[in-house]
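Here's the structure we're looking at; comments come further down.
The values are calculated or read from the model by the stated rules, or taken from the named source; none is laboratory data. Please read all numbers here as calculations on a predicted model, not as lab measurements. Neighbour counts are summed over all protein chains in view; Cβ atoms, including those assigned to glycine, are modelled from backbone coordinates with ideal geometry. Ligands, DNA and RNA are excluded from the accessible area calculation, which covers all protein heavy atoms including side chains. Shrake-Rupley method; radii C 1.70, N 1.55, O 1.52, S 1.80 Å.
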Amino acid sequence: MKNYLFLLAAILFEVIGTSFLKKTDQFTKPIPTIIFILSLTTSFYFLSHALKGIPIGIAYAIWSAFGIILISLVGYFVYKQNLDFPAIIGIIFIIIGVIIINLFSKSSVH
C-alpha cells in the first residue's frame with residue numbers, strides 16, 4: 001500500500017509541474033519554471049520509491065491514466081480548454097485499461 005501512496009504523490013507532483021509548464025512561457029518566467037522543475041523532480045523522487053514495489057509498466061499505466069485525467073481537469077478549469085467527444089472517449093478507454101490491468105493482470109502487485 002505504501003508504494004501506491006508514493007505513486008499517488010508522484011502523480012500529484014507531476015500534475016502540478018505540468019500545470020505550471022504552460023505558465024513558464026517556454027521557460028522565460030522564473031517562478032513558474034522553478035515550480036515546474038521542483039515539482040517534476042519531486043515527482044520522480046516519489047516515483048522511484050513507488051517502483052520498489054510496483055512493476056514499472058503498471059506504475060506507468062496508472063501514472064499516465066491519472067495524470068491525463070487530472071491534467072485534463074486542470075486544462076478545463078484553469079486554462080478553459082474543452083475536450084471534444086473523441087478525446088473524452090479516449091480518456092475513458094485509458095481508464096478502462098488501467099482498471100483491467102489492476103483487476104485482472106498477474107503483473108500488478110497489490
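For this structure, a couple of remarks:
- A simple rule links phi to the HN-Hα coupling: the Karplus curve 6.51 cos²θ - 1.76 cosθ + 1.60 with θ = phi - 60°, which for region 80-87 gives 6, 9, 8, 9, 7, 4, x, 5 Hz, with x for Gly and Pro.
- Value of relative contact order over the chain, rounded to a whole percent, pairs C-alpha under 8 Å and six or more apart: 30 percent
- Fluctuation leader among Thr42, Thr28, Thr18 - the chain, Gaussian network, Cα springs under 10 angstrom: Thr28
- Near-label residues of region 16-34 by backbone N, under 17 Å of a point 7 Å along Cα→Cβ of Ala87: 18-23
- Accessible area per residue for region 1-104, computed on protein heavy atoms with a 1.4 Å probe, is 64 Å².
- Helical content alone sets the calculated 222 nm signal of the chain at -26000 deg cm²/dmol, taking -39,500 (n - 2.57) per DSSP H segment of four or more residues and averaging over every residue.
- Between 0 and 90 degrees, the angle of helix 56-77 with respect to the longest Cα principal axis of the chain falls at about 40 degrees.
- With the alpha-carbon atoms of region 2-45 aligned to their principal axes, the span from lowest to highest coordinate is 37, 14, 11 Å, starting with the largest.
- Overall, the accessible surface of region 18-104 at a probe of 1.4 angstrom is composed of carbon and sulfur to the extent of 77 percent.
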